[in-house]
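The values are calculated or read from the model by the stated rules, or taken from the named source; none is laboratory data. Predicted model only: the values in this text are computed from it and were never measured. No Cβ is skipped: glycine too gets one built from the backbone with ideal geometry, and neighbour counts run over all protein chains shown. Keep in mind that these areas ignore ligands, DNA and RNA; they rest on the heavy atoms of the full protein, side chains included. Shrake-Rupley method; radii C 1.70, N 1.55, O 1.52, S 1.80 Å.
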Amino acid sequence: MSEPQPKTSTTPRDTTTVPAQAPEPSRWHQTFQKITTGNALISVLSVLLALVVGAIMIAFTDEDVQKAAGYFFARPGDTFAAIWQSVSGAYSALFQGSIYNFRRDSFAAGIKPLTETLTFATPLIAGGLGVGLAFRVGMFNIGGRGQMLIAASVAGWLAFGFELPWGLHMLVALVGGLLGGALWGGIAGLLKAKTGAHEVIVTIMLNFVAFYLVSWLLRTPGLLQAPGSSNPKTPPMKDTAIFWNLKEYGYNLHLGFVIVVAATVLVWWILSRSSLGFRFRAVGENPNAARVAGINVPSIYVYAMLISGALLGLAGVNQVLGTVTTGFTAGIDAGVGFDAITVALLGRSTPWGIFAAGLLFGAFKAGGYSMQAAEGVPVDIVLVVQSLIVLFIAAPPLVRTIFRLPDPSRGPKRPRPIVTKEVTAK
C-alpha cells in the first residue's frame, strides 16, 4: 500500500514594501526652491506684471499708435514702432523723473529726481511701517488718515504756536505729533481689548471723527486757523521747528527721511530681536494659543495700536514739518494713510520690505508727473499700475501660474513605494 502524497498548496510567504530611494536634492536646488516659492519673488513679479499691463494701456491710449493701427495690415511695422516709441518714452520719462535725469547739465542737477522720490517715499514708508506692524499682530489698521491728521495738528500747533530754541522746538513738535498719533491709534486698540470692538470699524469711524474735528479747528479763530484769515488753513511753521533740509542746494529732501530710516531699523529690532516683538508675532499667528502660553493678548492689542499710531503719526509730522511748512489744511494727509496699506501689502509686512515698497511708490509719484508732462501719458495710469500690484499680490496662485512657479503648499514630491509580493509553493 503506497503512502499518501502530501498536498501541495500555494500560499503567500512574504509581502514587503520597499520605498524607492530618491537622491538628496542639492543645495542649489533647495535654494532655487526657496527663491521661487518665497514672498519676495511674488512681490517682484507682481510689479513686473503690473508694468506690463501699464505698458499695454500706454500703447492703447497713445494717439500715434491709434493712427498706425488704422493701416496695420498694410504696414504693420509702423504700429510696432509706434508702440515701442510710446512705451519706451513713457517709462524713460518715469525713470528720469524719479531716479536720474540725463538731460541735466550736472550730476547735482541730474540727481534731483532721486531726492524727490525719497521725499515722496518718506511718509509712505512711515505709514507702511505702522500698518505693517499692526498686520503682524493680526490687526487691520486702516485709520491712517485720522492718525496722520491728529499728529499733524498737534505737531503743527506746537510748531507755529510756541517760541522755543532752535533744535528743541523741532524735537518738541516731533514728539508731540508722535504722541498725538499714538493716542488716536490707541483708542482703537483699547476698545478692541476692553469690548472686543473690531478695529476696522473703529478706525474707519475715527478717520471721520479726526477729519471733521481738524476741519472745525481750522475754521475756528484762535485754534488752528491763521490769525486774520478766513481760510481753513494754519499759519506757517516757525523756522526753529522745521526739519533740517537741503533747500539751499535746490532739493526738497529733509531730515524726515533720516528719521524714517531710523524708524525702520527700530521696527525691525522690535519685531525680530525683542520679547515684545515675539509676543506680537505670537498673537498675530494664534491669539488663543498665545493666551494659553500666558501672553496678555488685550494688552498686546493696545501696545500694537499705540506703536502703529505713532508710526502713522510720524508720516503726518513729516508732512507739516518737512514737506508743507507754509501752513496746512484738512487735506494734509494727501491719501498717504490709504497708500500705506498698499505699501505694507507689497512689503509683506516686513520692515525692509516696506522700506523698498515705499521707495517704489515714491518713484511712481515722482515719475508719474514727469510721464504726463513729457509724454502726455495720463497720470491715472500710474494709479492703475499701483492697483494692479495690489491685485497680483493678493493672488499669488495667479502669479505662480503665469510664471510656472512651484506651489510651496504642496511640498516636495514623495517617491511612490514599490510593493513586492512573493508567492512560494509548499
Practice task
Could you figure out which of (1) among the hydrophobic types (A, V, I, L, M, F, W, C); (2) under 25 Å from the mean Cα position of the chain (by Cα); (3) over 22 Å from A197 (Cβ atoms); (4) surrounded by 24 or more Cβ atoms within 10 Å (Cβ to Cβ) isn't true of A159?
Solution key: (2)
Completion exercise
R281 vs (1) open to solvent by 40 Å² or more (accessible area, probe 1.4 Å); (2) within 18 Å of I125 (Cα to Cα); (3) of a type outside the set (S, T, N, Q): all pass except (2)
Fill in the blank from the handout: Matching residues in region 296-310 (under 11 Å from G130 (Cβ atoms) and open to solvent by 50 Å² or more (accessible area, probe 1.4 Å)) number 1
Problem - Members of region 210-234 found to be out of contact with any Phe, Trp or Tyr (no Cβ under 9 Å at 6 or more places or on another chain), in a helix (DSSP H, G or I) and either open to solvent by less than 80 Å² (accessible area, probe 1.4 Å) or touching a residue at least 12 places away in the same chain (Cβ under 8 Å) (or both), listed by number - result: F211, L213, V214, S215, R219
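Condition check ((1) farther than 26 Å from I402 by Cβ; (2) at pLDDT 85 or above; (3) of a type in the set (A, V, I, L, M); (4) in contact with a Leu (Cβ under 8 Å, 6 or more places away or on another chain)) across all residues:
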| site | (1), (2), (3), (4) |
| --- | --- |
| Q21 | yes, no, no, no |
| N39 | no, no, no, no |
| G54 | no, yes, no, yes |
| P76 | yes, yes, no, no |
| T79 | no, yes, no, no |
| Q96 | yes, yes, no, no |
Exercise for the section: Filter region 315-324 down to residues that are open to solvent by 10 Å² or more (accessible area, probe 1.4 Å) and either in contact with a Pro (Cβ under 6 Å, 6 or more places away or on another chain) or assigned to a helix (DSSP H, G or I) (or both), then give me how many there are. Expected result: 2
Completion exercise
Quick count over region 170-204, residues being open to solvent by less than 50 Å² (accessible area, probe 1.4 Å) and assigned to a helix (DSSP H, G or I), is 19
